[in-house]
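Notes follow the structure.
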Amino acid sequence: MTTAPALALEHISKRFGEVTALQDVSLMIEAGQVHALLGENGAGKTTLMHVAFGMIAPDAGAIRVQGRPRTIAGPANAIAAGIGMVHQHFTLVPTMTVAENLALGGRGLLRQRRLAAKVREVAAATGFALDPTTMVETLSVGAQQRVEIAKAIARQARILILDEPTAVLAPGDADELLRWTRRFADAGNAVVLITHKLREARAVADRVTVLRRGRVAYSGAAAATTIHELTTAMIGHEPIASQDAARNHPASAANTSTPTVVLEAQHVTVLDAQGRERLRDASLVVRAGEIVGVAGLEGAGQRELLRALAGRILIASGSLRRPAATGFIPEDRQRDAVLLDRSLTENVALRDAGRRRGRMRWPSLAARTRALMRAFDVRAPSAESTMRTLSGGNQQKLVLAREMTPERQHGEARGPVAPAPQALVIENPTRGLDVRATAEVHARLHAARAAGAAIVMYSSDLDEVLATATRIVVLRAGTLQEVPLDRDAVGRAMLGLA
């Protein structure tokens, strides 16, 4: 007699506007097994598991739990079906105790004695050391993750989804978590392990599925595959038509003989709020007329590198040399780059905020905004339109215009005719943009480079990095290395196989 899978996702498809996140994906999770789900950033791994946990409704497909069709209309339905999910970004309330966090989402009166007993019961079942009275904000990252897992177990989860569970853990904590995961599966439960780490997946998983661009690229027994096969499935070997053109894009004549060093980091280390190294002893020189692409898996240190170069965060040690005119374009424009309910003119005025002195010349700023709109084809009724009324592409173009075109020292009202800034630091410049807007952004970057700008650009889309950069550095676990402009070399370095 054949036993039905603990969880079956059948022919799942999901689109977000013009973007196909999942296309006809099927995944079978067996009881008693750890199933590793691999893929590059943006491959669809988390989206697929959000479908399983009821956080995203699929456009097509079906879900079965223990062989029975289930409608998972929200996390409450998933929890009732025995599915638990530990997210990459924890959902705990820091100012509550361990016991109070375990009680969230429950019903009835909050009785501290009963809560404490529940925590002790879960601690015994998981083997975790849990103090019900400890405030979550005082716990280490590893301990917080154990509380997240305990919360799922307290809700009777038999199918546990772990999203990048070792990404923020020290090696000892990661090893401990993987050993616990294996024991949990061996007890008859099922685990989905979303990870970028191939050796980790092969060490603990029974089966492996690789997603690439929203489709299943490989699925099979972990023991029957090799690191090379998984790398090939994740990274692929499709040629990139624009790669050579981008690499050989002409720089300005002024920079072809002896390019000037514009940005320089020497032995830079960056710590997070808990004192952990997120960037370790990184050195990088960026010259005029080049685009340095930054590649790395999520949390590898790219955010810290770029924001240190842009002067947005403090470094713990090392030295930085950067021009005052350094444009910064963050990946989340609505959170970090614009004020949605303010006018375009007011948003343009945000450039050099903190360094600007004297009175605000609003008529001059409005004239500058109109000039930027014309130069970058920002489509809006007027400079007084609110940022919220613009499409995402037009918002991004205005941010690019603001950061790529410095103001004059004097006579600002004459318009943005000064050369491009000396340095640009850019995170995911085309995230959420359509094909036309993406092409426009790339054209602007190449034009800035040809004018002599020094550009550092990170993108979670490896194809974009390869197609745009003149050279590439890879970050892995906070360590920086330069690699050839070659897809396989970059992919192997990202996965720690170089």
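The values are calculated or read from the model by the stated rules, or taken from the named source; none is laboratory data. Everything numeric in this text was worked out from a predicted model, so none of it was measured. Cβ coordinates were reconstructed from backbone atoms using ideal geometry, including for glycine residues, and neighbour counts include every protein chain displayed.
Given the conditions (1) modelled with pLDDT of 85 or more; (2) surrounded by fewer than 19 Cβ atoms within 10 Å (Cβ to Cβ); (3) closer than 27 Å to D336 by Cβ, which single one is not true for I426?
Failing condition for I426: (2).
State whether the residues of region 197-212 include one that is among the polar types (S, T, N, Q) and surrounded by fewer than 18 Cβ atoms within 10 Å (Cβ to Cβ).
Start the filter on region 197-212 by keeping residues that are among the polar types (S, T, N, Q), which leaves 209.
In the following step, the residues that additionally are surrounded by fewer than 18 Cβ atoms within 10 Å (Cβ to Cβ) were identified as none.
No, there is no match, as no residue in region 197-212 is among the polar types (S, T, N, Q) and surrounded by fewer than 18 Cβ atoms within 10 Å (Cβ to Cβ).
Listed residues A99, A76, A80, A117; which is crowded, with 16+ Cβ neighbours inside 10 Å, on the phi < 0 side of the Ramachandran plot and of a type in the set (G, A, S)?
On the way: A76 fails: crowded, with 16+ Cβ neighbours inside 10 Å; A80 fails: crowded, with 16+ Cβ neighbours inside 10 Å; A117 fails: crowded, with 16+ Cβ neighbours inside 10 Å.
Checking each option against the conditions leaves just A99.
Quick one: which of A167, A251, A246 is touching a Pro at 6+ places or on another chain (Cβ under 8 Å), among the hydrophobic types (A, V, I, L, M, F, W, C), modelled with pLDDT under 90 and crowded, with 16+ Cβ neighbours inside 10 Å?
A251
For region 123-133, indicate whether the set of residues that are of a type in the set (V, I, T), touching a Pro at 6+ places or on another chain (Cβ under 6 Å) and either assigned by TED's automatic domain parsing to the domain that holds D461 or at negative phi (or both) is non-empty. Walk me through how you get there before you give the answer.
Keep residues of region 123-133 that are of a type in the set (V, I, T), which gives 126, 133.
Still in the list and also touching a Pro at 6+ places or on another chain (Cβ under 6 Å): none.
No, because not a single residue in region 123-133 is of a type in the set (V, I, T), touching a Pro at 6+ places or on another chain (Cβ under 6 Å) and either assigned by TED's automatic domain parsing to the domain that holds D461 or at negative phi (or both).
Could you check region 215-229 and list, in sequence order, the residues that are crowded, with 18+ Cβ neighbours inside 10 Å and modelled with pLDDT under 90?
Hit for region 215-229 is T225, nothing else.
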